[in-house]
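This report concerns only the one structure given below.
Coordinate-derived values only; no laboratory data. Everything quoted here is computed from the prediction, not taken from an experiment. No Cβ is skipped: glycine too gets one built from the backbone with ideal geometry, and neighbour counts run over all protein chains shown.
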Amino acid sequence: MKKWQFMLGILVLILAYTIGMADAIAQSEWQDAADEHAEQVADAVAQEDNPAWEKYAFELDYIDGSGALTFADIAREGKPFILFFWLSDCPLCHLQLPQVQQLQDTVDAEDIDLRIVAVNVDFGDKDALDFYTEKEMTFKLLHDSRARATDEAFHLNDLGCPLIYVFNEKGELVDYLTGYRAQLEKTVFNMLDITPANSARTAH
C-alpha cells in the first residue's frame with residue numbers, strides 16, 4: 001500500500017470518529033434540553049391554580065401576627081395537607097391538639113411531605129395564642145373569628161369541632177374527620193397512603 005493511501009485511510013478514520021463524536025454530543029445536548037423543557041412544563045402545570053380551589057378559598061392571618069396565608073398558597077406547594085379547626089373552650093379539641101403536634105413531630109423528624117395547618121375559630125385570638133405558646137406547638141396556626149371566612153366552605157357550624165379536612169398533593173379533598181381521633185397520625189397517613197420510615201410510630 002502506498003504511503004499516501006495509508007495516510008488517507010487514517011484521515012478517513014479520524015473524520016468518521018470526529019463526526020460520530022459530534023453527533024453524540026449534539027444528541028446528548030438535545031436530550032438535556034428536552035428534559036429541561038419537560039421539567040419546566042411540569043413545574044408550570046403544578047403551579048397552576050386549580051379552579052376547584054375556589055370552593056375552599058380563604059385568606060387568614062397567622063395568630064402570631066407574622067403574616068397571612070391563603071388556601072391557594074397551601075395547595076400550590078404540591079404536597080398533601082390537613083386543616084385542623086378547633087376552639088379554645090372545646091374539651092375534645094384540647095384532647096386532639098397533642099395528636100396534631102405528634103403528627104407534626106413525625107413529619108419533621110422523617111421529612112415527610114405533609115403540611116399541617118390549624119385554624120382557631122374563637123371570637124378573639126388571645127386564649128388560643130396563650131395555649132399555643134404555652135404548649136410550644138410548632139404547626140402553623142391561623143385565626144378565623146367565629147369561622148366567618150371558613151364556615152361556608154368547611155361547614156363548621158354543622159360539623160362542629162374538632163374538625164379535620166384532609167387534602168391530597170393536588171389540593172383535592174380526600175375526606176374529613178369529625179370528633180376526637182385517638183390515632184390521628186395513623187388515620188391521616190392511611191388516608192394519604194403515606195408510610196413513615198419508622199412505621200411503628202403510627203401505632204400510637
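Extending each Cα 7 Å along its Cβ direction at residue 123 and residue 176, get the distance between those two points in nm, one decimal.
2.4 nm
Report the convex hull volume per residue for the range 52-203, counting only C-alpha atoms, in Å³.
Taking only Cα atoms, the range 52-203 has a hull volume of 103 Å³ per residue.
Using the count of nearby Cβ atoms within 10 Å as a rough guide to exposure, how do 145, 66, 88 rank from fewest to most?
By the 10 Å Cβ count, ascending, the order reads 66, 145, 88.
Among bridges DSSP assigns within the range 52-203, what percent are antiparallel (round to 5)?
Working: 15 of 25 bridges.
Around 60 percent antiparallel, to the nearest 5.
Sticking with the crude label model, points 7 Å out along Cα→Cβ, report the distance from residue 152 to residue 14 in nm, one decimal please.
7.8 nm
Expressed as a whole number of Å, what is the distance separating the alpha-carbon centroids of the range 91-111 and the range 139-204?
If you average the Cα positions of each part, the centres end up 11 Å apart.
Which of the GluC sites (Glu not before Pro) found in the range 103-204 are loop residues per DSSP with 16 or fewer other Cβ atoms within 10 Å of their Cβ?
Qualifying residues, ordered by number: 136, 169, 172.
Taking neighbour counts of Cβ atoms within 10 Å as a proxy for exposure, in what order, fewest first, do 161, 90 appear?
Exposure proxy ranking, most exposed first: 90, 161.
Which of the trypsin sites (Lys or Arg not before Pro) found in the range 70-140 are loop residues per DSSP with 12 or fewer other Cβ atoms within 10 Å of their Cβ? Kindly include the intermediate steps, with their values, before the conclusion.
Values: sites: 76, 115, 126, 135, 140; in loops: 76, 135.
Listed in order of number, the matching sites are 135.
Order 192-198, 78-84 from most to least packed using the mean count of other Cβ atoms within 10 Å.
Numbers: 192-198: 13.1, 78-84: 20.4.
Per-residue Cβ counts within 10 Å, averaged per peptide and sorted highest first, yield 78-84, 192-198.
Step through the table entries 55/79; 140/186; 126/170; 140/170, compare each Cα-Cα distance with 29 Å, and write down the pairs that go over it.
Beyond 29 Å: 126/170.
Starting from the Cα of residue 57, move 7 Å in the Cα-to-Cβ direction to define the label point; list residues of the range 105-149 whose amide nitrogen is under 20 Å from there.
Within reach of a label on residue 57: 143-145, 147-149.
Quick one: grab the alpha carbon gyration tensor of the range 119-204, order the square roots of its eigenvalues as a ≥ b ≥ c, and give me rounded if a/c is under 1.5, else prolate or oblate depending on whether a/b is larger than b/c.
Note, shape of the range 119-204 comes out oblate.
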